[in-house]
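What follows is a short report on a single structure.
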Amino acid sequence: MPTLRLTAPLAAVFAALALVSSARATAPVVFSDADFIDSDWDTVILTGKGGGTSTVKQVAADGHPGSFRQIDITVSKGAGSIVWSVSLRKSALYNPSVSGALYAITHTEDSKNLSGSPIQASGPALRQNGKIYVHNVLITTAAWSTLTDPNVLASQFAELEDANGFPIQTSHPDFSEHGGEIEFGFFRANSTGGNGYSTHVGIDNWSMTLVATRTISHIADGAGFRTTFILLNTDVNPANFTLNFWSDAGAPLTLDLVADGVTASLSGTIPPHGARFIRTAGATADLNRGWAQLNAPLAVDGNSIFGLQSPGHGDSEAAVPLSAGGNTDLFLPFDNTPGFATGVAFADPGLQAATIGGSFLDDSGSPVSGTNTVSVAAHGHQADVLAALFPGTHSKRGAAHFSAATHIFGLGIRANGKAFTSIEALSGVTASQKIIAHIASGGGWKTTFLLVNTGADEAQFTLDFFSDAGTALALPLDTGATVSTLTATIPAGGLRVVIATNSGSLATGWARLSVTGPISGTAIFGLETAGQSDSEAAVPLALDSDGSKQLYMPFDYTTGYSTGIAIMHSGPSILTTVTITLFDDEGHGLAAPAVVTIPAFGHKSVVLGDLFPGIAGKRGTVSLSADHNIFGLGIRADGFAFTSLKVVTQ
């Protein structure tokens, strides 16, 4: 792996922070019900002209399977009579002004016509500020079948308030950060041109998936910095996107995007399996910093990479994921011991200013003295060296706990000499098992595990190391021990640092973290080079449930760049076959697929150029298709620098 050489002062790195994102919450919010207990639902009946009636109830058996909700509608005789039966799940609540703006929703249900007239109109419904809105596109069927209404925008919903019973097509809900609380559900409807009639229909396995706008936590352009946005479309259909750029003050930020023009908002379409590479020019003497908001379906995902340009070398880079949803509590490991420094940035994408308090424990579990607060303007940012904001953290390492009354986003920057990498803030951590997809020790490499206990009680962790072959991997630790398994405890709110040292020949593999409480963190693999700071890249801790048979990641083999991938399989006694396929940025296949095998509990790391010698000058999307769940990590090398890339699951 190429070494990393930086010449700019660290202060420039922290000054360039315009960071807003953090919590690894790209997963959508999903509301669902397969039981339909009557007390869990509100029913609203709206009628027009001659009107009619509707009743709803839970039926205990013969659903798809089990219990289901039955909707009976009787339409009165008379031209134009219409009945809307709206069911709203009482607990299916989301407030965009608190939890973040929404891009769209996807509605799914199983339905069946039970008796009477053959159909009911169906689709998603919601209530906001006392008004009911529907999207009327689905029709129920004779047998149990699944109906889906995907990626419905706010502009596609219409209000049910017309005196004649028809939706008002010019009145829509507000999915933006200005919008009030939304209650989600579904509707049924029937109308007549004259004769009265009745319908009886069932619904089962209802779900509503909320696709939030995503936050890109760092834009730095000018004064030596530039930012690259890499967006992938993992769908078989074209996907639209809009990127909006915002300044530190929360105003639209106009950027020079080279081929994409000078703009504060960029919209486009990404072809199936295609990629969109967007780069700021980085040509101005003054630093422009801010954040970006992505409006796109879930099929569009990717990375943002901020880079410090070094004449004669590639950009020194750190990757920032696309995140959905903030939190009122964030945790972050920090290290301000000699040779290291931590920068921190916050953003408040909402409409009210945030006051953020910080509390700290050092790595012995002792509180760090001193208090302070950080103010962040509405829709604004704040970033600085942690020790400047909270002087008590000077010369210490440990865990930080930041809290605010409103949802905030946060990110850390770990500086090791003149090298830097990003560290995601933690929120909503559970006591579930985690996977670290790539570790390296020896042959110039070391891996540092930064583990934080975000809970209120002491918790235990066990780290198990596995080799490429899937066997136990004994690693030399900085404590002097050589182990394949390490068990220890972390105090509430505390940090534990575990370092697999650069000793002996190179050993690569992966790690599994088992915990008794809400422990998570970041792993950092670094290349030690005599006479300069370690080059480092971060590896996020993935939930064991995040594994997938289908992964995507970007690749770039245009001038100066190369891409590597690491793949691991955590299943016992199962050999996994992975088919690797390349698509260019227009979604066209580039070469015959390559096939690699990974043993049970095994790991494999490869340079794409070795598998596909003809990809020089190309960039696009890598598809990894496996016969069992796998985890992955991308490595983007830019001349003498490297950084990790998020792998997108499907």
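Points to keep in mind about this one:
- Element breakdown for region 239-348 at a 1.4 angstrom probe: carbon and sulfur atoms account for 55% of the accessible area.
- The chain shape via C-alpha gyration tensor axes, a/c threshold 1.5: prolate
- Translational D in µm²/s for region 227-324 (Stokes-Einstein at 10 °C, 1.306 mPa s, Kirkwood Rh from C-alpha pairs): 112 µm²/s
- Counted charge near residue 85, where neighbours are those whose Cβ lies closer than 15 Å (Asp, Glu -1; Lys, Arg +1): +1
- Where 570, 359 fall by accessible area, highest first, once all protein chains stay in place (1.4 Å): 359, 570
- Cα gyration tensor, region 108-190 - rounded (a/c under 1.5), prolate or oblate: prolate
- Projected area, mean over directions - region 264-376, Cα convex hull, nm²: 11.5 nm²
- Computed across region 448-550, the Kirkwood hydrodynamic radius from all distinct Cα-Cα pairs reaches 14.8 Å.
- Our Cα-only numbers for region 327-399 put the radius of gyration and Dmax at 12.7, 39 Å.
- When a 1.4 Å probe is rolled over the protein heavy atoms, the share of accessible surface on region 540-650 that falls to carbon and sulfur comes to 54 percent.
- Cα-based Rg / Dmax (Å) for region 386-529: 15.8, 50
- Principal axis dimensions, largest first and in whole angstrom, of region 513-650 by Cα: 48, 44, 23
- Fraction of C-alpha pairs exceeding 14 angstrom in region 383-449: 75 percent, rounded to a whole number.
- Counting only heavy atoms of the protein chains and using a 1.4 Å probe, residue 287 has close to 60 Å² of accessible surface.
- Rounded D (µm²/s) - region 442-505, Kirkwood Rh over Cα pairs, Stokes-Einstein at 4 °C, 1.567 mPa s: 102 µm²/s
- In this structure region 588-629 gives 47 Å² per residue of accessible area when probed at 1.4 Å with all protein chains present.
- Normalised by the number of residues in the chain, the average gap of Cα pairs under 8 Å and 6 or more apart makes the relative contact order 14 percent.
- Rolling a 1.4 Å probe over the protein heavy atoms leaves residue 112 with an accessible area of roughly 60 Å².
- Residue-normalised accessible area of region 256-393, expressed per residue, 1.4 Å probe, Å²: 34 Å²
- The overall shape of region 300-431, judged from the alpha-carbon gyration tensor, is oblate: a/c is not under 1.5, and a/b is no greater than b/c.
- Centre separation in Å (Cα based) which lies between region 493-571 and region 175-239: 33 Å
- Dimensionless Rg/Rh of region 33-161 - Kirkwood Rh, Rg from C-alpha atoms: 0.96
- Pairwise centroid distance, computed over Cα atoms, of region 50-80 with region 359-403, Å: 57 Å
- Carbon and sulfur %, accessible surface of region 125-195 computed with the full protein complex present, 1.4 Å: 48 percent
- Residues of region 31-171: accessible area per residue with a 1.4 Å probe, Å²: 42 Å²
- The 3J(HN,Hα) values that the Karplus relation (6.51, -1.76, 1.60; θ = phi - 60°) gives for region 254-269 are, in residue order, 7, 10, 7, 9, 6, 5, 8, x, 9, 7, 9, 8, 10, 10, x, 10 Hz. Gly and Pro appear as x.
The values are calculated or read from the model by the stated rules, or taken from the named source; none is laboratory data. No experiment lies behind these values; they were computed from the predicted model shown. Quick reminder, even Gly has a Cβ in these numbers, built from the backbone with ideal geometry, and neighbours come from all protein chains shown. Ligands, DNA and RNA are excluded from the accessible area calculation, which covers all protein heavy atoms including side chains. Shrake-Rupley method; radii C 1.70, N 1.55, O 1.52, S 1.80 Å.
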